[in-house]
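> One structure follows; several queries about it will come next.
Read-outs throughout are calculated quantities, based only on the coordinates presented, and are distinct from any laboratory measurement. Bear in mind that the values here come from a model prediction, so they are computed numbers and not experimental data. In this analysis, Cβ positions are derived from the backbone assuming ideal geometry, glycine residues included, and neighbour counts consider all displayed protein chains.
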Amino acid sequence: MNVKEAIETRRAYRSLEDVEITDELLDDLALSASLAPSCFNYQPWRYVFVSDKAILEKMHEALSQGNEWAHKASLIIAVFSQKDLDCVIKDREYFLFDTGMATAFLILRATELGLVAHPIAGYSPKKVREILGIPEEMTVITLVIVGKKSEELNPVLSEDQVNREKARPERKSRSEFVYMNKYQ
Ligand SMILES: Cc1cc2nc3c(=O)[nH]c(=O)nc-3n(C[C@H](O)[C@H](O)[C@H](O)COP(=O)(O)O)c2cc1C
């Protein structure tokens, strides 16, 4: 699968089934994230890879309503960082940007490996910190829910979520977000 194919194949699917989480897979995902560019090569991203069944179950308590589908995760990746780990140039704080890029690399590699890697914002960062021992000063930016796509629709999905399982949500057209030569 080339990069374009990975970009086009990636979807935030919500009907998941179990997949085996090997150390080789975790090495591969970590390496893919680590090769992302970052300001001064500061590499501000931090991850907790959760594959232990008991801790995965505890993580269910941290998920918001509407994210019950994530109970089927075989791996949950907590993505976190803090301002001081990366460049701050006047009002520009790069930690979120750089961590986002590394996480996008990880997600695309997971896609290439035939997995679903679905980032979410619907969780309690406080509970995630408590469960995983992440210090207060770190921002828990996202959880990436990893599994294998199931052909069976997850019965907990809402009608809207079912529709989004079947077709990719619409995107803005180029003219809505690309400006040529000058912003206008
Ligand atoms: C920062 C972020 C937060 C998201 N939060 C949630 C979430 O809490 N629950 C969920 O089901 N999907 C969540 N998503 C997935 C988006 O809804 C999804 O990526 C978007 O609808 C586009 O669909 P696609 O990724 O399949 O193309 C999130 C995605 C991102 C990048």
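> How big is D, in µm² s⁻¹, for the range 3-177 by Stokes-Einstein at 4 °C and 1.567 mPa s if Rh is the Kirkwood radius over C-alpha pairs? Walk me through the numbers before you get to the answer.
On the way: Rh = 17.0 Å.
Reported coefficient: 76 µm²/s.
> Another question, if that's okay. What value does the range 39-116 have for Rg/Rh, both radii from Cα atoms and Rh as Kirkwood defines it?
When Rh is taken as the Kirkwood radius, the ratio is 1.05.
> Check the straight Cα-Cα distances from LYS148 and name the lysines below 26 Å, setting aside those fewer than 8 residues away within the same chain.
Within the straight-line limit of under 26 Å, LYS148 reaches these lysines: LYS4, LYS53, LYS58, LYS72, LYS127, LYS166.
> Report the equivalent ellipsoid semi-axes for the range 1-93 in whole Å, largest first, defined as the square roots of five times the eigenvalues of the gyration tensor built from alpha carbon atoms.
In descending order, the three semi-axes are 27, 19, 15 Å.
> Filter the DSSP H helices in the chain by two things, a Kyte-Doolittle mean of at least -1.0 and an axial alpha-carbon span of 30 angstrom or more, and list the hits by number.
On the way: long enough: none.
The answer is none, since no helix passes both cut-offs.
> Work from the charge dipole of the chain (Cβ charges, +1 for Lys and Arg, -1 for Asp and Glu, about the Cα centre) and give the residue of THR142, PHE97, ALA33 farthest towards its positive end.
Highest projection toward the positive end goes to PHE97.
> Please get the size of the charge dipole for the chain, origin at its Cα centre, with Cβ charges of +1 on Lys and Arg and -1 on Asp and Glu, quoted in debye to the nearest 20.
Magnitude of the dipole: close to 740 debye.
> Please list, by residue number, every one of the trypsin sites (Lys or Arg not before Pro) in the range 1-91 that is coil in DSSP and has at most 13 other beta-carbon atoms within 10 Å.
Qualifying residues, ordered by number: LYS90.
> Which of the trypsin sites (Lys or Arg not before Pro) found in the range 129-184 are loop residues per DSSP with 14 or fewer other Cβ atoms within 10 Å of their Cβ?
Counting only loop positions with at most 14 other Cβ atoms within 10 Å, the trypsin sites (Lys or Arg not before Pro) in the range 129-184 are ARG171, LYS172, LYS182.
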